[in-house]
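Below is one structure, written out as structure tokens, with a few remarks after it.
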Amino acid sequence: MLTRRRQEFLKAVVELHQKTGQPVHYTEVAQALRVSPWTAYDILTLLTKAGYLEVVHQVDRKEESPGRSKVKFRPTPLAFESLGTCTAKDWENIQAELLERLREADRKGARAVIGETLKELPKISNPLTFCAKLLLALILALWTIRKAAQALVVVREVLTSFNATETALILLVGLIVGYIWKAGKKELGRAFNGHLARYVDEVRKMEEGDREKLLAFVRDIALVSPSPG
């Protein structure tokens, strides 16, 4: 298990890597965290031994000695999993998968896709993926109630009326669950109950950038016309 200090260094490497797409030199981490280069190197080496980082020997073309390489560090999948972070490519793949599920709901019905999605939730460790899949299932649940189009209009208003992403994302879930219960879909409402506390907790702990991604995604899927039934 990562100590808080090692988690801080790992997060710095991941964030620097995501900005450039390149391996990160330990001096960059030292500068970001305001520690000595030797401290940064020692902790990144420990993270490498634990499987969170991998070493890359990269030749710097700007160096006067062309054969000289620098020791740099790159996050492994374990790093992203540990921090609950998605790369840009990961997020693209998640969105593509969930949009395909919307199309599936048109073909085989919303209820079937809701059931499949809810079964997956306990196995998902990444917060952004978990929250996105739960929101997709909730939007599909709206498709199954009477006056679904009217409910979606209210949902869209919530999504555009709140500047605070955390508030909008939490209020949104309460609103949709309220519509489900009001429509008499008690069994469906209970199916979501076991996941709501984790959703709220994940949204509150989530980085602002991830909350913005999530909000943009749910705005897109809320624009899709409900499938009949």
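The values are calculated or read from the model by the stated rules, or taken from the named source; none is laboratory data. It should be emphasised that the depicted structure is a prediction, and the values quoted were computed from it without experimental measurement. Counting neighbours? That spans all protein chains shown, and the Cβs are built from the backbone with ideal geometry, glycine included. All accessible areas refer to the heavy atoms of the entire protein, side chains included, with ligands and DNA or RNA removed. Shrake-Rupley method; radii C 1.70, N 1.55, O 1.52, S 1.80 Å.
One residue alone among Ala197, Ala137, Ala191, Ala141 is outside any loop (DSSP other than H, G, I, E, B) and free of Cβ contacts under 8 Å to residues at least 40 places away in the same chain, and that residue is Ala197. Apart from one condition, Ser161 fits all of (1) under 16 Å from Glu212 (Cα atoms); (2) crowded, with 17+ Cβ neighbours inside 10 Å; the exception is (2).
Do we have Ala132 as small (Gly, Ala, Ser), within 18 Å of Leu223 (Cα to Cα) and surrounded by 17 or more Cβ atoms within 10 Å (Cβ to Cβ) here? Explain how you work it out, then say what you get.
Working: small (Gly, Ala, Ser): yes; within 18 Å of Leu223 (Cα to Cα): yes; surrounded by 17 or more Cβ atoms within 10 Å (Cβ to Cβ): yes.
When the stated conditions are applied, Ala132 passes them.
Scanning the range 117-138 for residues that are β-branched (Val, Ile, Thr) and modelled with pLDDT under 90 gives Ile124, Thr129.
Within the range 116-129, being of a type in the set (A, V, I, L, M, F, W, C) and either in contact with a Gly (Cβ under 8 Å, 6 or more places away or on another chain) or open to solvent by 10 Å² or more (accessible area, probe 1.4 Å) (or both) holds for Leu118, Ile124, Leu128.
Which of the residues that make up the range 17-27 are surrounded by 16 or more Cβ atoms within 10 Å (Cβ to Cβ), part of a helix (DSSP H, G or I) and more than 18 Å from the chain's Cα centre (by Cα)? The answer is Tyr26, and nothing else. Reported count of residues in the range 141-158, each being farther than 14 Å from Leu223 by Cβ and open to solvent by less than 40 Å² (accessible area, probe 1.4 Å), is 3. Every condition in (1) within 19 Å of Leu223 (Cβ to Cβ); (2) open to solvent by less than 50 Å² (accessible area, probe 1.4 Å) is met by Leu83 except one, and the failing one is (1). Scanning the range 176-188 for residues that are open to solvent by 40 Å² or more (accessible area, probe 1.4 Å) and either in contact (Cβ under 8 Å) with a residue 24 or more places away in the chain or part of a loop (DSSP other than H, G, I, E, B) (or both) yields a count of 4.
Just wondering, is there one or more residues in the range 89-108 that are in a helix (DSSP H, G or I), over 24 Å from Ala222 (Cα atoms) and not hydroxyl-bearing (Ser, Thr, Tyr)? Step through it out loud before you land on a result.
Step one: of the range 89-108, the residues in a helix (DSSP H, G or I) are 89-108.
Subsequent filtering for residues that are over 24 Å from Ala222 (Cα atoms) retains none.
No; the residues of the range 89-108 include none that is in a helix (DSSP H, G or I), over 24 Å from Ala222 (Cα atoms) and not hydroxyl-bearing (Ser, Thr, Tyr).
For every residue, the table says whether it meets (1) at pLDDT 90 or above; (2) surrounded by fewer than 13 Cβ atoms within 10 Å (Cβ to Cβ); (3) of a type outside the set (D, E, K, R).
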position: Glu54; (1), (2), (3): yes, no, no
position: Glu92; (1), (2), (3): no, yes, no
position: Leu102; (1), (2), (3): no, no, yes
position: Ile114; (1), (2), (3): yes, no, yes
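Quick check: is even one residue across the range 209-218 of a type outside the set (A, V, I, L, M), open to solvent by less than 10 Å² (accessible area, probe 1.4 Å) and over 16 Å from Leu118 (Cα atoms)? Yes - at least one qualifying residue is present in the range 209-218.
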